[in-house]
Amino acid sequence: MSIDAGNLLGWFDLAERDLPWRADGVTPWQILVSEFMLQQTPVARVLPIWSDWVVRWPTPSATAAATPAEVLRAWGKLGYPRRAKRLHECATVIARDFADVVPDDVEVLEQLPGIGSYTARAVACFAYRKPVPVVDTNVRRVVARAVQGRADAGTPSAKRDHADVAALLPDAARAARFSAALMELGATVCTARAPRCAACPLRSCAWRDRGFPPGSAAKRPAQRYAGTDRQVRGRLLDVLRDNAFPVTRAELDVAWPIDEVQRERALASLLDDGLVERLADDRFALPGQDRNDSTASR
Ligand code: SF4
């Protein structure tokens, strides 16, 4: 079974969400920034951060000129802050080696810091309208259901998933918009837990035609955040972000007083990731942060 492009695109013309990174005049760099932020964070949380970010740092060179500390502060609570560091590194490479222009070739994009297979294709497709398959979790789910008649997509395989979606793409002129529409359908209608089949624009759906046979994939338990090392890392980074100058170990200790072993483990991982630096006087700072603190001896 296939997906009728005219059918899907007609729906998308009416149902497309008004997301600022889809607006006319948004540059490839600004689209790339949105893709970094959206990798592991929902749209609603990305919106305000992205909007401020692209005004403050509209180009790769403007981002590269910021310090890593400024970038980590602006990243705020988007989570997974290694992305912010990688985005800064990516900006530096594009500014230095590509004359401040985001490449349009998937293989070149994949060589840049922080850019994997999905982001490279998303940038090539959404910024440059290249007819390349763009496959995220939502797209895999829609293809599994509508085309393959299965409830869930099973284990990811980049080669197979790209081939499956490439086979669905219409002519080059409509391919990029088709990819955006497929992703939108998975995000807003054919959702993982409660697909809204009554509102679905697809005239044919293999899973629906088969009477919605149950999937074989075990339901993944909701990811816990409270009490994890991720939460402790977030608390420690909050202390550093909230202080204009380096902080003492005692100031970090109060951010997670209940478990010293876990706090030390989280701090060590932040140091390993280059998201925090230890100074010679045993204070801690964001990378590139101003160290001229008059209270350095406290
Ligand atoms: S009919 Fe239902 S299951 Fe099939 S693609 Fe549409 S929303 Fe998904």
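What follows is calculated from the coordinates using simple rules that are stated; it is not laboratory data. The model shown is predicted, which means the values in this text are computed figures rather than measured ones. Ideal geometry is used to build each Cβ from the backbone, glycine not excepted, and the neighbour counts take in all protein chains shown.
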Next item on the list: Enter the angle in degrees (range 0 to 90, nearest 10) between the Cα long axis of helix 260-272 and the first principal axis of the Cα atoms of the chain, meaning the one along which they spread out most.
Entry: 80 degrees
Next item on the list: Largest first and in whole Å, give the semi-axes of segment 1-117's equivalent ellipsoid, each being the square root of 5 times a Cα gyration tensor eigenvalue.
Entry: 27, 18, 14
Next item on the list: With only Lys, Arg, Asp and Glu charged, each at its Cβ (+1 for the first two, -1 for the last two), find how big the charge dipole of the chain is about the Cα centre; round to the nearest 20 debye.
Entry: 1140 debye
Checklist line | Summed residue charge, Cβ within 13 Å of Arg210's Cβ, Lys/Arg positive, Asp/Glu negative | finding: +2
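Determine the relative contact order of segment 20-103: mean sequence separation of Cα pairs under 8 Å and six or more apart, normalised by residue count, in whole percent. Before the final figure, lay out each step's value.
On the way: 72 pairs, mean separation 26.8, N = 84.
Normalised by residue count, the contact order of segment 20-103 is 32 percent.
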Item checked: Positive-end residue, segment 1-85 charge dipole about Cα centroid, Cβ charges, pick of Pro81, Val33, Ser2 -> Pro81
Checklist line | Span from the segment 19-62 Cα centroid across to the segment 95-109 one, whole angstrom | finding: 17 Å
Check: Label points 7 Å out from Cα along the Cβ direction at Ala199 and Asp100: separation in nm?
Finding: 4.3 nm
Check: For the chain, what is the mean residue ellipticity at 222 nm derived from helices alone (per DSSP H run of n ≥ 4: -39500 (n - 2.57); sum divided by total residues; nearest 500 deg cm²/dmol)?
Finding: -15000 deg cm²/dmol
Margin query: Kirkwood Rh over alpha-carbon pairs of segment 52-148, then Stokes-Einstein at 25 °C and 0.890 mPa s: what D in µm² s⁻¹, rounded to an integer?
Written below: 167 µm²/s
Check: Reported to two decimal places, what Rg/Rh ratio describes the chain when computed on Cα atoms with Rh from the Kirkwood expression?
Finding: 1.03
Checklist line | Neighbour net charge for Ala64 - beta-carbon separation under 12 angstrom, K R +1, D E -1 | finding: -3
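Hey, what's the per residue convex hull volume over the C-alpha atoms of segment 131-260, in cubic angstrom?
Values: hull volume 24.5 nm³, N = 130.
Convex hull of Cα atoms, per residue: 188 Å³.
Can you check how the C-alpha radius of gyration of segment 74-201 compares to 2.2 N^0.38 Å, as a plain ratio? Could the numbers behind the result be given before it?
On the way: Rg = 16.3 Å, N = 128, 2.2 N^0.38 = 13.9 Å.
Relative to the 2.2 N^0.38 Å estimate, segment 74-201 comes out at 1.17.
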